[in-house]
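A.B. asks: Quick one: the structure is below, questions incoming.
Values in this text are rule-based calculations from the coordinates and carry no lab data. Quick caveat, the model's predicted, so the values are computed rather than measured. For neighbour counting, all protein chains shown are included, and Cβ atoms are generated from backbone atoms with ideal geometry for every residue, glycine included.
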Amino acid sequence: MIAGIDLGTSSVKVLITDNGKTVKKAKRTYTERSVDAWLKAVAEALSEISRGVKIDAVSLSSQVGTYIINGSDIISWQDPIGKEEVARIKKDISKEEFAAEISMPHPEVISYPMPRLLYIKEHYDAKSVCQPKDKICEMLTGKQVSDIYSWRGLANLETGAYSKKMLSYLGVDESILPPLKSPFDLAGYVTKEASEKNGLAEGTPVYLGCNDYYAGLLGMGIVESDMLFDITGTSEHIGITTDKLSLDTKMVTGPYFVSNVHYGVTASGGTSLDFGIEKFGFEGIDVEKSLSNDAPLFLPYLKGERAPIWDSNARGMFFGISDKTTKEDMAYSVLEGVAFSAYHIYESLEDNVDAKYIITAGGAGKDEKFNKIKSSLWNLPVVTLEETDTSAYGACMIASVASGIYKDIKEAAKAMCRIEKRVEAKENPLLRQRFELYKKLYESNKQNFEEFRRLAK
């Protein structure tokens, strides 16, 4: 029996596997954004799920890019802090230095450790800085230890240590940060005090695990090169595993459990889908009918866009509405536009991929019509999995390997990651033609977006 804990932005999920198969789940939503609220939710979820169960090992996963200063002050990954700091850092440090010191180029991501620590250095008297997972580890074991992947962007992923050169640049003393280990390393054992609060047996081993994104990829079975993944959600992550580290990319690239991972993230994928459901409803969508009715094109930039255009001024837009356009056509356009935004990232990855299928997960990952559009666009099958809480599941995989149930993550993935459904649609040349026009719409309206934003202010 293995327990995986995944502390997300709004709730914590705890999942138990028995010989690799999910047998119990629990979820708690936070009452507020605070360390106490997070730990209370973790303890409650563990107490519920551990009743009558002998759990043999635990592993952890959590949101990253969220920093806890001096044990209580929080800067969330969602907070708009770090844009100026990223610009300063990338101006001062070359991509070659980044590759040597942090094993990857530094992306345009404001929630990475370096820009946030630079901000913290200049605005706080910081005696300690950690991330949410580090606090869970401390609550369970009495020890605050972290893993190299949760601190990617500051840790050298080859040496397994923080980059001393980057710490020196930031003017940050390593002693204020948690010590680093491998995700498969033992963090410690459940203490008597923790056992009394959450029901886990005293002495239960706790393995470190990693950030929710990498744990989620593991939980999807992403353990080979040339695997193509699409994680839906508030934002959508589209990427591949590859043997090559791309220093010149505008996407995110860096070491992963196997080879490297190379991906981009949208800004408004889930937001656009929620908008479409609220305004039009998705029940009556007929893909072929809407295409034959010349459904409008939709730019899903409701909150700006990250990869691949990197424009916070961009906004949503319908193009091509006629007197024949129906509510169902508008709904279809939203689905198609979000699929186009994902394909736009894929097209910009600069890597040739010999993927046999797309593995998808997340809230919209089981929408069959959405997956049919993607299958037709990519000309590849889209595969969904039995287990949807992939970050907690990935944490279970790490503990299963660390405790010797499986010899490595490939064996764990083969045993644990089961395909639920395979969606396959014929390639439709019209979709590609519409996609090419979709890309032109942004370029044609870039200046209009900027002017609209000035008027909106």
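A.B. asks: Per residue of the chain, what 222 nm ellipticity follows from adding -39500 (n - 2.57) for every DSSP H run with n ≥ 4, rounded to the nearest 500?
C.D. replies: -11500 deg cm²/dmol, from helical runs alone.
A.B. asks: Also: Compute the acute angle (0 to 90°) between the alpha-carbon long axis of helix 132-141 and the principal axis of greatest extent of the alpha-carbon atoms of the chain; round to the nearest 10°.
C.D. replies: 30 degrees
A.B. asks: Also: Grab the beta carbon distance between K54 and K143, set R0 = 25 Å, and tell me the FRET efficiency rounded to 0.05.
C.D. replies: Between K54 and K143 the formula returns 0.60.
A.B. asks: If you don't mind, another one. If you wrap a convex hull around the C-alpha atoms of segment 1-106 and split its volume per residue, what is the figure in Å³?
C.D. replies: Measuring per residue, one finds 144 Å³ for the Cα hull of segment 1-106.
A.B. asks: Still on this model: Under the definition of Cα pairs under 8 Å and six or more residues apart, what whole-number percent is the relative contact order of the chain? Can you show the working numbers first?
C.D. replies: On the way: 986 pairs, mean separation 71.3, N = 457.
Relative CO of the chain lands at 16 percent.
A.B. asks: Follow-up. Cβ under 13 Å from D323's Cβ, D323 left aside: what net charge do those residues give with Lys, Arg +1 and Asp, Glu -1?
C.D. replies: Result for the neighbourhood of D323: -1.
A.B. asks: From the backbone phi of segment 154-162, what are the Karplus-calculated ³J(HN,Hα) couplings (6.51 cos²θ - 1.76 cosθ + 1.60, θ = phi - 60°) in whole Hz, Gly and Pro given as x?
C.D. replies: 9, 7, 7, 6, 8, 8, x, 10, 4
A.B. asks: Taking the convex hull of the alpha carbon atoms in segment 268-427, what volume per residue do you get, in Å³? Please report the intermediate quantities before stating the final value.
C.D. replies: Details: hull volume 22.0 nm³, N = 160.
Each residue corresponds to 138 Å³ of Cα convex hull volume.
A.B. asks: Report, to the nearest 10°, how far helix 429-456 tilts away from the longest principal axis of the Cα atoms in the chain, using its own Cα long axis and a range of 0 to 90°.
C.D. replies: It is inclined by approximately 80 degrees.
A.B. asks: To the nearest 10 degrees, how steeply does helix 269-279 sit against the main Cα axis of the chain, on a 0 to 90 scale?
C.D. replies: Tilt relative to the chain: about 60 degrees.
A.B. asks: R0 = 45 Å: FRET efficiency of K83 with L186, Cβ-based, nearest 0.05?
C.D. replies: 0.75
A.B. asks: Based on C-alpha coordinates, I'd like the Rg and Dmax of segment 2-215, in Å.
C.D. replies: Cα radius of gyration and Dmax of segment 2-215 are 17.5, 56 Å respectively.
A.B. asks: Which entries of K133/K250; K24/K374; K289/K324; K143/K181; K250/K356; K90/K164 have Cα-Cα distances beyond 20 Å here?
C.D. replies: K133/K250; K24/K374; K250/K356
A.B. asks: Would you work out the relative contact order for segment 2-215, in percent, from Cα pairs under 8 angstrom that are 6 or more residues apart?
C.D. replies: In percent, rounded to a whole number, it is 23.
A.B. asks: Still on this structure: Net charge near A187: determine it from the other residues with C-beta under 13 Å of the C-beta of A187, scoring Lys and Arg +1 and Asp and Glu -1.
C.D. replies: Around A187, the charge tally is 0.
A.B. asks: Below 11 angstrom from the Cβ of T388, what's the summed charge of the other residues (Lys, Arg +1; Asp, Glu -1)? Before the final figure, lay out each step's value.
C.D. replies: Numbers: positive: K13, K25, K366; negative: E386, E387, D389, E420.
The answer is -1.
A.B. asks: Continuing with the same structure: Non-local amide H neighbours of K24 (under 5 Å, H modeled in plane, Pro and chain starts lacking H): which ones?
C.D. replies: HN-HN under 5 Å from K24: I16.
A.B. asks: Here's another thing I want to ask about it. Once R0 is set to 35 Å, what does the formula 1/(1 + (r/R0)^6) return for the Cβ-Cβ distance between S34 and K91, expressed as a FRET efficiency to the nearest 0.05?
C.D. replies: Here the calculated transfer efficiency is 0.50.
A.B. asks: Moving on to the next point. Fully extended, how many nm does the chain gain between N293 and Q447 (0.36 nm per residue separation, minus their Cα-Cα distance)?
C.D. replies: Additional length available on full extension: 52.4 nm.
A.B. asks: Long-range amide H contacts for A355: which residues qualify at under 5 Å (H placed 1.01 Å from N, peptide plane, sequence gap of 5 or more or a different chain)?
C.D. replies: Here the answer is none, since no amide H 5 or more places off falls under 5 Å of that of A355.
A.B. asks: Return the Rg/Rh ratio of segment 65-186 with Cα-based radii and a Kirkwood Rh.
C.D. replies: 0.94
A.B. asks: Next question, about the same structure. Normalised by the residues of segment 263-316, what does the relative contact order come to in percent, with Cα pairs under 8 Å and at least six apart?
C.D. replies: Over segment 263-316, the number comes to 44 percent.
A.B. asks: With θ taken as phi - 60° and the coefficients 6.51, -1.76 and 1.60, list the Karplus ³J(HN,Hα) couplings across segment 315-332 in order, rounded to whole Hz; mark glycine and proline as x.
C.D. replies: 9, x, 7, 9, 10, x, 5, 10, 6, 8, 5, 9, 4, 5, 5, 4, 4, 4
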